[in-house]
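Here is the structure we will look at.
Just so it is clear, none of the values below were taken in a lab; they were calculated from the coordinates. Just so we're clear, the structure is a prediction, and the values are computed from it rather than from any experiment. Cβ placement follows ideal geometry from the backbone for every residue including glycine, while neighbour counts extend to all protein chains displayed.
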2 protein chains.
Amino acid sequence: MRRAPEKGRYDDATVERILDRGLVAHVAFVDRGEPVCVPFLHARVERRLYLHGSRASRAMRILAAGEPACVSVTVVDGLVLARSVFEHSANYASVVAFGRFEAVEAAEEKAAALEAFTEKLLPGRWREARQPSAKELKATTVVALPLDEASAKVRTGPPSDDDTDDALLDVWAGEIPLLTSFGEPVPSPGLRAGIPLPKSVERLLGER
Amino acid sequence: MRRAPEKGRYDDATVERILDRGLVAHVAFVDRGEPVCVPFLHARVERRLYLHGSRASRAMRILAAGEPACVSVTVVDGLVLARSVFEHSANYASVVAFGRFEAVEAAEEKAAALEAFTEKLLPGRWREARQPSAKELKATTVVALPLDEASAKVRTGPPSDDDTDDALLDVWAGEIPLLTSFGEPVPSPGLRAGIPLPKSVERLLGER
């Protein structure tokens, strides 16, 4: 991405807002000397970022062992169309966090993390669905990254053409916002008749 | 992300389609022994994935030196709401590619990569905007990753609750599609009067 108009932002509130907006975190670690980058659903509680996965997953085992990791969450807000192709870019907000994950063993923190994953996917969903059993909790590895070393980058606004291009070129320039919305719910083929849409989904679609 | 319903897919066409859908690539590399993961705009031409950045960027210098890298591109297609919180997930498509980037020095390949970046952002835009000058081309580092070791993962369809939950729980289950669209163009504050919206943007918005 173009460097010029970016602003590094390090305040906690900006970092947390971007993490909460992004559904997917890309998590990098080193496996036998080589970099690996894997997408995860994630959730934040206070100053800890959580991931979960199967106990059998190689990535989860490396992260749970406390190997150095880097987490990147990026949200794209628009296309930036400049007068010169060189200044084309995207408006976005991203967080990069460094550190070592810790395996979460305490049942209470593990359950709180699972609640955060579910509530992040869809607010209100945790109380509508069946809570995890002891067996399910045991089969899931949850890891937490303390957000001690996290920074944000944000690009907003119009393109940054130079003054000569601004003055001389008859080329349209501006931003095209990128919007995210939700479509019509697709009921599970096995859903029994007479089960209505839940409140959580109604609220989500009411925001359309 | 939940492992069970995923399918690994290795055919070239699937990998290419996912790369072309995702605007942002998360690129991991090792810097002084530690993993780093950075978001980039990217573009694909045939079996090469391109990134560009400032010559001054540390990430670009490491990648251009041919250090081992891992690129991950992820597109989220929907929320998967299960009867149990444990089976909640997202439908998505992702590619993970391993390899070493090569610095692109040949002016012709560099220009073709810049055209691919611009056309990926907005088809038709390359011919509307001012082409890069020799000076601009020189200030930009372009690197290419041969797509020799790339694989895709795709999750689609309904949640995977177990039979007991299907039969016994009165909880709605299904998928909520996640949609991306474009908003009203915001002209650059410096745009002179009388410059109309370009054809590329009209086509983009015509698809709304």
Could you tell me which residue of the stretch B:61-75 is farthest from residue B:28 (Cα to Cα), considering only residues that are at the interface with chain A (Cβ under 10 Å from one of its Cβ atoms) and surrounded by fewer than 19 Cβ atoms within 10 Å (Cβ to Cβ)? B:67
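If you check A:194, A:190, which single one turns out to be within 30 Å of residue B:165 (Cα to Cα), at the interface with chain B (Cβ under 9 Å from one of its Cβ atoms), of a type outside the set (Ser, Thr, Tyr) and surrounded by fewer than 13 Cβ atoms within 10 Å (Cβ to Cβ)? Spell out how you get there, then give the answer.
Numbers: A:190 fails: surrounded by fewer than 13 Cβ atoms within 10 Å (Cβ to Cβ).
The match here is A:194.
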Could you check how many residues of the stretch A:197-208 are of a type in the set (Gly, Ala, Ser) and at the interface with chain B (Cβ under 9 Å from one of its Cβ atoms)? 1
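So, of the residues in the stretch A:150-187 that are assigned to a helix (DSSP H, G or I) and among the charged types (D, E, K, R), which turns out to be farthest from the other protein chains (Cβ to nearest Cβ)?
Let us first name the residues in the stretch A:150-187 that are assigned to a helix (DSSP H, G or I), namely A:163-168.
In the following step, the residues that additionally are among the charged types (D, E, K, R) were identified as A:163, A:165-166.
Working: A:163: 9, A:165: 6, A:166: 5 Å.
Checked the stretch A:150-187; the qualifying residue farthest from the other protein chains (Cβ to nearest Cβ) is A:163.
Take the conditions at the interface with another protein chain (Cβ under 7 Å from one of its Cβ atoms), within 30 Å of residue A:129 (Cα to Cα), free of Cβ contacts under 8 Å to residues at least 40 places away in the same chain and surrounded by 13 or more Cβ atoms within 10 Å (Cβ to Cβ) and apply them to residue B:118. Does it pass? Before the answer, list the steps.
Values: at the interface with another protein chain (Cβ under 7 Å from one of its Cβ atoms): yes; within 30 Å of residue A:129 (Cα to Cα): no; free of Cβ contacts under 8 Å to residues at least 40 places away in the same chain: yes; surrounded by 13 or more Cβ atoms within 10 Å (Cβ to Cβ): yes.
Judged against the criteria, residue B:118 is not a match.
Which ones in the stretch B:83-103 are farther than 30 Å from residue B:53 by Cα, touching a Ser or Thr at 6+ places or on another chain (Cβ under 6 Å) and of a type outside the set (D, E, K, R)? Break it down stepwise before answering.
Applying the first criterion (farther than 30 Å from residue B:53 by Cα) to the stretch B:83-103 yields B:83-91.
If we keep only those that are touching a Ser or Thr at 6+ places or on another chain (Cβ under 6 Å) too, we end up with B:85, B:87-88, B:91.
Of everything in the stretch B:83-103, those that are farther than 30 Å from residue B:53 by Cα, touching a Ser or Thr at 6+ places or on another chain (Cβ under 6 Å) and of a type outside the set (D, E, K, R) turn out to be B:85, B:88, B:91.
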Can you tell me which residues in the stretch A:128-137 are more than 7 Å from chain B (Cβ to nearest Cβ) and either touching a residue at least 40 places away in the same chain (Cβ under 8 Å) or within 17 Å of residue A:43 (Cα to Cα) (or both)? A:137
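For the stretch A:12-60, how many residues meet the condition of being more than 8 Å from every other protein chain (Cβ to nearest Cβ), among the hydrophobic types (A, V, I, L, M, F, W, C) and within 19 Å of residue B:154 (Cα to Cα)? Working first, answer last.
Pass one, the stretch A:12-60, residues more than 8 Å from every other protein chain (Cβ to nearest Cβ): A:12-22, A:25, A:31-32, A:42-52, A:55, A:58-60.
Checking the rest, the ones that are also among the hydrophobic types (A, V, I, L, M, F, W, C) come to A:13, A:15, A:18-19, A:25, A:43, A:45, A:49, A:51, A:59-60.
Applying the additional criterion that residues be within 19 Å of residue B:154 (Cα to Cα) yields A:25, A:59.
Number of matching residues: 2.
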Scanning the stretch B:42-65 residue by residue, those under 14 Å from the mean Cα position of the chain (by Cα) and basic (Lys, Arg) turn out to be B:44, B:48
